[in-house]
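Heads up, the thing below is written out as structure tokens.
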């Protein structure tokens, strides 16, 4: 029960059908009051700015910061063709430092698991009801390529982040019979085979983070996947590929040459070098991952028509319907809605980010309980 296809997705999840799991917040006060910009002013060092700002393309329609290589927004599908590169606060680094505010909104997060060295939280841009990000909190690592400098340490770090996410899924979600029975179709999840994990490059937040996505994708996100908006080639790198590269580099008697020019390689050239030096095919790994998304959606999804108010359809490319979706309720007349508005409503109903919502229907959150000072963070760049 995939709940979507390339031209449609189920929408308007009925209230109370799909159960949620409360997050785990222990710290409700920030370690650093004020904004990211104010923090940078107080700590006027090169590495402070390096840690706390990203280069992105800001979606003109929904406001999402997108990776500079994307041609369309991976939240609302709006074109980024004429959008220039700008700078935004690096929220993940700000989480680690315990900063109060991004400059435009509070930096409270929907925490699932936290230790002195790892933070796991619900992804605010979730693709599935159980979608986490896991970040190291004692190391600043802009993206997964830097792991190639220190493959042994890098592989250990990746495994620790993945294991922390496995722990969250097992103890908070799979232990909830209500959640499992409402979201999953029959089959038990095998955490070794059934989780969609990887890294984006370039990331929209320049701090290494594992994307840990438990199938099924939400119907609107699966529709976007079917339309080619998720897990794109040469931007998404499956965990299996990164771990195999790191493992091969550990075993090599002449490790991969890494110097300043290494990071200047285009991603195409880097992948070609790794394919050759590590004996691994990124194309094959990505293809296998991509096909697993479809299989796992069918295997695990419990998105049934009777649990939704209707179906959204993608209109033909008529200019007057661009950016619109046609909603066909099970009863009543069909009508058009803005795509970003529809997607936002669907996500709010099905995500576990910020659960439980407050009395005004807003997500709950807190701050990292083990905030770091700048001096405590090991810089990998």
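The values are calculated or read from the model by the stated rules, or taken from the named source; none is laboratory data. In this text, all values refer to a predicted model and were calculated from it rather than measured experimentally. Note: ideal-geometry Cβ built from the backbone for every residue, glycine included; neighbour counts use all protein chains shown.
What to note about this one:
- When the strands (runs of 3 or more DSSP E) confined to the range 1-69 are screened for residues that are at pLDDT 95 or above, outside the structural domain of residue 217 (by the TED database) and touching a strand residue (DSSP E or B) at 6+ places or on another chain (Cβ under 7 Å), those reaching at least 1 such residues are found at 8-13, 32-35.
- First in the range 273-297 and at positive phi, second anywhere and surrounded by fewer than 19 Cβ atoms within 10 Å (Cβ to Cβ), Cβ under 7 Å, 6 or more apart: 279/248
- Residue in the range 178-199 that is touching a strand residue (DSSP E or B) at 6+ places or on another chain (Cβ under 9 Å), under 23 Å from residue 51 (Cα atoms) and at pLDDT 95 or above present: yes
- Residues that are in a loop (DSSP other than H, G, I, E, B) and in contact (Cβ under 8 Å) with a residue 12 or more places away in the chain were ranked within the range 342-357; the one that is surrounded by the fewest Cβ atoms within 10 Å (Cβ to Cβ) is 356.
- Residue in the range 364-374 that is under 21 Å from residue 131 (Cα atoms), out of contact with any strand residue (DSSP E or B) (no Cβ under 7 Å at 6 or more places or on another chain) and part of a loop (DSSP other than H, G, I, E, B) present: yes
- Among the candidates 316, 360, the residue that is loosely packed, with under 15 Cβ neighbours inside 10 Å, outside the structural domain of residue 180 (by the TED database) and either in contact (Cβ under 8 Å) with a residue 60 or more places away in the chain or over 30 Å from residue 26 (Cβ atoms) (or both) is uniquely 316.
- Only one of the numbered conditions (1) outside any loop (DSSP other than H, G, I, E, B); (2) touching a helix residue (DSSP H, G or I) at 6+ places or on another chain (Cβ under 9 Å); (3) over 21 Å from residue 218 (Cα atoms) is not met by residue 269, and that is (2).
- Scanning the range 317-341 for residues that are in a loop (DSSP other than H, G, I, E, B) and within 22 Å of residue 305 (Cα to Cα) yields 330, 331, 332, 333, 334.
- Of all residues in the range 236-249 being touching a strand residue (DSSP E or B) at 6+ places or on another chain (Cβ under 6 Å) and in contact (Cβ under 8 Å) with a residue 60 or more places away in the chain, the one that is surrounded by the most Cβ atoms within 10 Å (Cβ to Cβ): 237
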